[in-house]
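For reference, the structure discussed in these notes is given below.
The values are calculated or read from the model by the stated rules, or taken from the named source; none is laboratory data. These numbers come from a predicted model, not from an experiment. Positions of Cβ are backbone-derived with ideal geometry, glycine not excepted, and every protein chain shown enters the neighbour counts. Keep in mind that these areas ignore ligands, DNA and RNA; they rest on the heavy atoms of the full protein, side chains included. Shrake-Rupley method; radii C 1.70, N 1.55, O 1.52, S 1.80 Å.
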Amino acid sequence: MGFDIRNRRHAEGLLAAVIFARSTSFLLVKRCLTAFAVFNLLAVRFSIAAVILIAIFRGYLKNLKPATLARGAVLGAVFFAVMAGETIALSMTSSSTTALVESAAIMLVPFFVWLFFRRRPTKANVAAAAVAFAGVSFTICQTGRLVFSAGILWCLATAVLYALSVIVTDRLSKQDDPIALGVIQVAVMALGSVICTLLFEHPTLSASPGIYGNVIYLAVVCSVFGFAIQPYAQSGTTPERASLFLAITPAAATVLGVVFLKETLTALGAVGVALILASFFIANRRG
C-alpha cells in the first residue's frame, strides 16, 4: 500500500517528520544569528526556500484562483509572525528554553478550538494541557526562581501564535490545494522578511561559508520541507492531534542544544522536559 494523505496514520507520520525537521532549526538559527540580524536571516532563508519551491511546484501555481492566493497569504502572514517571534526569542535566550516554552502551544490548541468552534476538549486534552503547563512552569523556573525575561515573554507570545497557526492551517488546508498553499505561504514569509529587514535593520549578505551552509539547511530542510509540506500533512488529521506532535520540538531541540551548544539543563528543567513529553502520551490515551 502506497502513501495516502487520507490515511491518518500516513498523514501524522509525515507531520511528525515535518515537525522534527523544523525542530533542528533552533540549533542552526542560534549559530546564524552570530552573522545576521533577525529579519535579515529570515529574508535570506525564506527567499532561498521560495525560489526552490516555485521551481519545483510551478505546475501547481498555474491558473491560481484569487481565493487560493488569499488563503496562502493568510498562512504566510501567520507563520511569518510565528517565525519572527521565535527568532527574536532565540536571539535573547537559549534554544532549549525557547523550544520548551514555545511548546505551550500543545495545551492551547484544544482550548482555542473550543473557543472558536465550540468543540469541547476531551478529558485527555484537559489532563494533557495541565501536565504541559506544569512542564512549561518548571522550564521557566529551572534556575530555581520565576524568571519572566524578555526572551521568555517572546517565547510565550510565539506559543500563542503557533497554536493559532495550527488551527488556521487546519481550516485552510482542507479548503484548497495544500501544496499551492504551502508555496504561497513561504513566498509571503520571504516577502515579509525582506520588507522588515529593509525597514528595521541594515541587511547584509556577508557571512562565512559555514554560516551559509547552515542557512541552506534551514532553507531546504526546515523551510522547503518543514513549512511547505505542513499544510499537506495536516490536511489528513485534526488540529487537536496535530498539536500533540509539537511535543517533538522541545525534546529534539533540548538534546541538540545541550550536546552542540553546551546549554545547561538543570534538574528542574529536566522535569519540565519529562512533563511536556508526558503530556503528548496522556493526550493520546483513549477514554
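Please work out if Thr197 is more than 25 Å from Lys65 (Cα to Cα), crowded, with 21+ Cβ neighbours inside 10 Å and modelled with pLDDT of 95 or more. For Thr197, the condition - more than 25 Å from Lys65 (Cα to Cα), crowded, with 21+ Cβ neighbours inside 10 Å and modelled with pLDDT of 95 or more - is met.
Assess whether Leu41 counts as being under 20 Å from Thr169 (Cβ atoms) and out of contact with any Asp or Glu (no Cβ under 7 Å at 6 or more places or on another chain).
Values: under 20 Å from Thr169 (Cβ atoms): no; out of contact with any Asp or Glu (no Cβ under 7 Å at 6 or more places or on another chain): yes.
No; evaluated as a whole, the condition is false for this residue.
Taking the range 16-51 as the range and being more than 20 Å from the chain's Cα centre (by Cα) and either open to solvent by 40 Å² or more (accessible area, probe 1.4 Å) or under 19 Å from Pro231 (Cβ atoms) (or both) as the test, the residues that pass are Thr34, Val51. Checking each residue in the range 69-89 for being farther than 30 Å from Ile152 by Cβ and out of contact with any Leu (no Cβ under 7 Å at 6 or more places or on another chain) picks out Leu69, Ala70, Ala73.
Is it the case that Trp154 is of a type outside the set (Asp, Glu), surrounded by fewer than 24 Cβ atoms within 10 Å (Cβ to Cβ), closer than 23 Å to Leu41 by Cα and at pLDDT 85 or above? So Trp154 fits the description; yes. Got at least one residue in the range 120-134 being open to solvent by 40 Å² or more (accessible area, probe 1.4 Å) and either under 26 Å from Ala49 (Cβ atoms) or outside any helix (DSSP H, G or I) (or both)? Yes: the range 120-134 contains one or more residues that are open to solvent by 40 Å² or more (accessible area, probe 1.4 Å) and either under 26 Å from Ala49 (Cβ atoms) or outside any helix (DSSP H, G or I) (or both).
Within the range 76-88, does at least one residue satisfy the condition of being among the polar types (S, T, N, Q) and assigned to a loop (DSSP other than H, G, I, E, B)? Looking for residues that are among the polar types (S, T, N, Q) and assigned to a loop (DSSP other than H, G, I, E, B), one finds none in the range 76-88, hence no. Taking (1) touching a residue at least 24 places away in the same chain (Cβ under 8 Å); (2) open to solvent by 50 Å² or more (accessible area, probe 1.4 Å); (3) not in a helix (DSSP H, G or I) in turn, Asn63 satisfies each apart from (1).
Selection of the range 157-177 for residues being closer than 19 Å to Ser235 by Cβ and open to solvent by 20 Å² or more (accessible area, probe 1.4 Å) yields Leu164, Val168, Arg171, Leu172, Lys174, Gln175, Asp176, Asp177.
Return yes or no: is Phe112 open to solvent by less than 10 Å² (accessible area, probe 1.4 Å) and either in contact with an Asp or Glu (Cβ under 7 Å, 6 or more places away or on another chain) or in a helix (DSSP H, G or I) (or both)?
On the way: open to solvent by less than 10 Å² (accessible area, probe 1.4 Å): no; either in contact with an Asp or Glu (Cβ under 7 Å, 6 or more places away or on another chain) or in a helix (DSSP H, G or I) (or both): yes.
No: the conditions fail for Phe112.
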